[in-house]
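Engineer: Sending over a structure as structure tokens; questions will come in a sec.
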Amino acid sequence: MKPGVAIVIINEDNEVLLQKRTDVGKWALPSGHIEIGETVEEAAIREIKEETNLTIKIIKLIGVYSDPDSQVFSYPNGKNVQFITTCLLAKIISGELRCNSSESLDLQFFSPGYLPKNLLKMHPNWLSDALCDEEKAYIR
């Protein structure tokens, strides 16, 4: 079991930022592990800075996700991990978007109606919750 954080960033054109990951070659929301001594917010800000070169501000909690059907992740090296992921909505404060990490093959903004087909299995659920009109946070 690992604590994780995922960040939904929506630009002024209502497009969502996705990262093409080097480990599995699929598109995903920027995400990562929470390190010892970090808060969820600190981890989110750090991960975005490391992976995208952007500085963000957290806007709200989208939800906490722990369902094994969507939260068990199999790495190409055979390691399986179940994440408990806190998903947050954030806005860009500053920075120029660029791949800052060996974890990313590409970074792009996508219209929610035209997302890439090869998204990681749990990310459509997080995006759906982030894009709904309800103000509540989800526990799934």
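The values are calculated or read from the model by the stated rules, or taken from the named source; none is laboratory data. Source: prediction; values computed, not measured. Cβ coordinates were reconstructed from backbone atoms using ideal geometry, including for glycine residues, and neighbour counts include every protein chain displayed.
Engineer: List every residue pair whose Cβ atoms lie under 6 Å apart, where the two residues are 6 or more positions apart in sequence or sit on different chains, the first residue falls within region 69-86 and is under 11 Å from residue 2 (Cα atoms), and the second residue, located anywhere, is modelled with pLDDT under 90 and among the hydroxyl-bearing types (Ser, Thr, Tyr).
Structural biologist: 80/74
Engineer: Can you report the number of residues in region 65-81 which are surrounded by 13 or more Cβ atoms within 10 Å (Cβ to Cβ) and under 16 Å from residue 32 (Cβ atoms)?
Structural biologist: So the answer is 4.
Engineer: Residue 28 fails exactly one of the following numbered conditions: (1) more than 23 Å from residue 116 (Cα to Cα); (2) crowded, with 16+ Cβ neighbours inside 10 Å. What is the number of that condition?
Structural biologist: Condition not satisfied by residue 28: (1).
Yes/no per residue for (1) surrounded by fewer than 13 Cβ atoms within 10 Å (Cβ to Cβ); (2) more than 12 Å from residue 7 (Cβ to Cβ); (3) in contact (Cβ under 8 Å) with a residue 40 or more places away in the chain; (4) not β-branched (Val, Ile, Thr):
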| residue | (1), (2), (3), (4) |
| --- | --- |
| 51 | no, no, yes, yes |
| 54 | no, no, yes, yes |
| 105 | no, yes, yes, yes |
| 121 | no, yes, yes, yes |
| 129 | no, yes, yes, yes |
| 133 | yes, yes, no, yes |
| 139 | yes, yes, yes, no |
